[in-house]
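The following block contains the structure, expressed as structure tokens.
Throughout, read-outs are computed from the coordinates displayed, never taken from laboratory work. Please read these numbers as outputs of a predicted model, since none were measured by experiment. Cβ placement follows ideal geometry from the backbone for every residue including glycine, while neighbour counts extend to all protein chains displayed.
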Amino acid sequence: MNVIHRKGWEIPENQATPEAVAMNRRALLAGAGAAGLLLASGPARANDPAPTDALHPYPRNPAYTIERELTPEAITSRYNNFYEFGTSKNIWQAAQALKTRPWTIKVEGLVEKPFEIGIDDLIAAMPREERLYRFRCVEAWSMTVPWSGFPMKAFLDRAKPLSSAKYVRMDTFVDARMAPGQAQNIFYPWPYQEAITVAEAANDLAFLVTGIYGKPLPKQFGAPLRLALPWKYGFKSVKSINRIVFTDTRPKSFWETLQSAEYGFWANVNPEVAHPRWSQATEEVLGENRRIPTQLFNGYGEQVAGLYKGLEKERLWA
Ligand code: MTE
């Protein structure tokens, strides 16, 4: 596959120094109490006002706490991948153009009865909770954040997939006037799509996200609905979902279509399997100016390893 534009992370590690330096400077600034300075350029703005905003904060589920420090909002809300709004990490301002209400989710394919549901009706109907999750990007940086949302399992109970459905595909919007990245990168296979198996979607860890840090999800994080799959590389966690399709054939996702040699379907985190152009053994902890060892399945093996029994011949890692 010939990719005309290179993704932000397609840089050999030895050329990634400026990024690392920038991150270190950011960590220093934060350490010097300059988080306020970062915020002075404008606080993270929330969604367009919505009736479900008042439901925040969601109660924390104590089963999903974590041994790592939470990554500050001042860092995570200014360092995002959201290619619809540009290929740099600094898309948070451009992403404020995303119009998140009204927002409808279409549920289609192999389900008992296809339907559409407004995002606020969906949020109001779901069992809401907050979970602390690790997040590991394929670019070898990581963060730990409090996501608010609902288990994907609860959504499956509502969607009622047929037993013939084996995969769930999630799509994002296409609107090149609103999203400059879609206008600039016309050869990318928009909409951004990702897919997982129905069995993965039913795993307790699969989480549909509507908020972060106890508040409605700021736009740059993929409002009003995104996925969080903490045992997989971050590119599987599709943002701004507006269509969910159940199918019996394995869908090809956005990055797989662009660069299948580097980004596969399963994309489970594995420190021992290097990306073709960099090691996955360690990760840069956002805002902490240090690297730590990466864990198999990002530390969630106990919950998810069973999903992959019998699939050992597949390429389970990105
Ligand atoms: N979803 C959409 N729609 N568009 C994107 O470009 N980038 C992915 C994922 N979901 C992406 C997306 C990648 S590569 C990562 S690492 C995470 O979003 C980044 O999530 P964050 O910005 O909340 O850290």
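Obtain the radius of gyration and the Kirkwood radius of the stretch 13-308 from its C-alpha atoms and give Rg over Rh. Provide the component values of the computation, followed by the final result.
Values: Rg = 18.3 Å, Rh = 19.5 Å.
Rounded to two decimals, Rg over Rh is 0.94.
In the stretch 13-308, what percentage of the DSSP-assigned beta bridges are antiparallel, given to the nearest 5?
Details: 40 of 48 bridges.
Given both bridge residues lie in the stretch 13-308, the antiparallel proportion sits at roughly 85 percent.
Taking 8 Å as the Cα distance limit and 6 or more residues as the minimum spacing, I'd like the relative contact order of the stretch 13-308 as a percentage.
22 percent
Per DSSP helix of 4 or more residues, -39500 (n - 2.57); summed, then divided by the residues of the chain. What does that give at 222 nm, rounded to the nearest 500?
-4500 deg cm²/dmol
What spacing in nm lies between the two simple spin-label points modelled at Ala261 and Arg290, each 7 Å away from Cα in the Cβ direction?
3.7 nm
Right, something else. Which whole-number percent is the relative contact order of the stretch 59-217 (Cα, under 8 Å, 6+ apart)?
On the way: 240 pairs, mean separation 40.7, N = 159.
Value for the stretch 59-217: 26 percent.
Quick one: give the max-minus-min coordinate of the C-alpha atoms of the stretch 207-293 along each principal axis, largest first, in Å.
37, 34, 19
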